[in-house]
Amino acid sequence: MPRMLSRIEDYFPYVRHKLKATRKSLGVVLYRHFADWVFSEKTYECLDDMVSYVQAHPDWNMAFIASHRSETDWAEEPFQFITHNIKTVIQSGANLYLGPLDEWLRSAGGFKVYREETTVRSPNWLLDTLLEFLEEKIGVELNAGIEITKELAEQIYRAYFAKTLTDGYNVLIFPEYSEKRDEEKRRTIKYGRSYSGELLPFSALPLQVPYFFQKTHPEKNLVFYPLSITYERVIEDQNFARLEALKAQGASTKRIYIEDYWWNLTFRLHQRPSRLHLAFGEPIPMKELPLRGVASRSKLAPYLRDEVGKLSVLYPTQLVGLALDPVLENDGMNITDLKERMAYVRDQAAELGERYVQHLPTDMDEALEQAHEQFWQPNRLPYYTREIARLDGSTVAIHRPDVLMQYANHCRHLFSEKLSRTTLDAGS
């Protein structure tokens, strides 16, 4: 029978990071080559400002608050921290630590967050996997393991998170979550990537730890630092529906994430390279929160969500998604109408500021051609993919409305009201 440990610190070896990666580490070098293969262009906004700010305040803790639309977030953002020698650990779900990835994720700064009840046999992934395999084969319990309940998991998370701050590390947090209720009104919380493309609500829990740490350590200086990546094409966009289906079928977490990783690693076999834009916002010292109208912790999560949301930009894929949004339930749209709607959406985004349209051509024929490069390409491996949409004479035929909806959702939060059918018709 699984046992419990006497002190919360005794659980730390099961979740701790082993941050030691450098620019020359194998995982960092492999990601550099992977990124060169997958992305045709990477642009950075205020990256140098962030590096300068961190270097100017070496004794301060940064709590980097990020949006989460792709597993690539987990690679690109730590890659920048490692490259610029910014000592940052990353909170990440235990589901990501499959086999030998455990060691690589920990060396990159990852610390495990258990969110479901589980039993672990060893802090070492190889021994843990071996014991599990042998027990299944011989039917005899070799190691009772350590039981981690949901309540205990939260206690471990809070305590270890606080320890990383005490030790002087910066922390990268992905606070988005979604909530579902089944027919019996049972509540299910999913943390992590936004499968819908929306900027989801921010969970209060990962923000409370640094918030209360600052309150109880007034001699310290903690800073919330927003950042966000906008993708011209999210690697997993077509695979999210498959992952949801596997979960609904009761597939194991291991199987789901093996399929997830396999899709991502083979992305370029069925998709052209695309662009990404990584933006850093303004640093927000926690001691200044009251001056910004955040006088209580209940206002913290929505405030930081707004700050992260401001960092999104539009590529032609988001522009087309928003323009097609009112007719996604239909078969398609006339191309002339589509370009009029695209122009209207671009004008609305430009009113917010030029940074939001920096990747958008002013000519809608050119914008449509760039989107064409991403959405309307022939199938390279029919087993993997199908066209998202297709130019069919004077009409755009929609094949994957669920994928197009993701791109409409990527930047929907930027606008004060939904770009609804009525609004678009009025504008165009």
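The values are calculated or read from the model by the stated rules, or taken from the named source; none is laboratory data. The structure displayed is predicted, hence computed values, not measured ones. Cβ: placed from backbone, ideal geometry, glycine included. Neighbour counts: every protein chain shown.
Of the conditions (1) assigned by TED's automatic domain parsing to the domain that holds Asp73; (2) more than 20 Å from the chain's Cα centre (by Cα); (3) free of Cβ contacts under 8 Å to residues at least 40 places away in the same chain, Ser252 satisfies every one except a single condition; which number is it?
(1)
Does Gly110 qualify as being of a type outside the set (D, E, K, R) and touching a Ser or Thr at 6+ places or on another chain (Cβ under 8 Å)?
So Gly110 passes the test.
Go through the residues of region 144-166 one by one and say whether even a single one is at pLDDT 95 or above, within 25 Å of the chain's Cα centre (by Cα) and part of a strand (DSSP E or B).
No, the conditions are met nowhere in region 144-166.
Taking the options Ala323, Ala295, Ala350, Ala279, name whichever one is over 17 Å from Leu207 (Cβ atoms), free of Cβ contacts under 8 Å to residues at least 24 places away in the same chain and of a type in the set (Gly, Ala, Ser). Quick ask: steps written out before the conclusion?
Working: Ala323 fails: free of Cβ contacts under 8 Å to residues at least 24 places away in the same chain; Ala295 fails: over 17 Å from Leu207 (Cβ atoms); Ala279 fails: free of Cβ contacts under 8 Å to residues at least 24 places away in the same chain.
Answer to the selection: Ala350.
Search region 105-141 for residues being of a type in the set (D, E, K, R) and either farther than 29 Å from Pro78 by Cβ or not assigned by TED's automatic domain parsing to the domain that holds Thr88 (or both), and hand back the single one that is surrounded by the most Cβ atoms within 10 Å (Cβ to Cβ).
Glu135
What number of residues within region 201-240 are closer than 26 Å to Ser40 by Cα and not in a loop (DSSP other than H, G, I, E, B)?
7
Has region 256-264 got at least one residue that is over 30 Å from His372 (Cα atoms), touching a Lys or Arg at 6+ places or on another chain (Cβ under 9 Å) and in a helix (DSSP H, G or I)?
yes
State which residue is farthest from Glu77 (Cα to Cα) when the search covers only region 215-238 and only residues that are surrounded by 20 or more Cβ atoms within 10 Å (Cβ to Cβ) and of a type in the set (S, T, N, Q).
Gln238
Considering only region 39-55, I want to know if a residue exists there that is farther than 28 Å from Val209 by Cβ, among the hydrophobic types (A, V, I, L, M, F, W, C), assigned by TED's automatic domain parsing to the domain that holds Arg193 and modelled with pLDDT of 95 or more.
Within region 39-55, one or more residues are farther than 28 Å from Val209 by Cβ, among the hydrophobic types (A, V, I, L, M, F, W, C), assigned by TED's automatic domain parsing to the domain that holds Arg193 and modelled with pLDDT of 95 or more.
Are there any pairs, at least 6 apart or on different chains, whose C-beta atoms fall under 7 Å, with the first in region 118-135 and in contact (Cβ under 8 Å) with a residue 60 or more places away in the chain and the second in a helix (DSSP H, G or I), and if so, which?
Hits for this filter: Val120/Tyr14; Val120/Asp128; Pro123/Pro13; Pro123/Tyr14.
Run Leu291 past the list (1) surrounded by 13 or more Cβ atoms within 10 Å (Cβ to Cβ); (2) assigned to a helix (DSSP H, G or I); (3) of a type outside the set (Gly, Ala, Ser) and report the number of the one that doesn't hold.
(1)
Please list, ordered by first then second residue, the pairs with beta carbon atoms under 8 Å, 6 or more apart or interchain, first in region 142-160 and surrounded by fewer than 16 Cβ atoms within 10 Å (Cβ to Cβ), second in a helix (DSSP H, G or I).
Leu142/Leu131; Leu142/Leu134; Leu142/Glu135; Glu154/Leu205; Gln155/Ile8
Considering only residues that are part of a loop (DSSP other than H, G, I, E, B) and among the small types (Gly, Ala, Ser), look in region 294-316 and name the one that is modelled with the lowest pLDDT.
Checking each candidate, the answer is Ala295.
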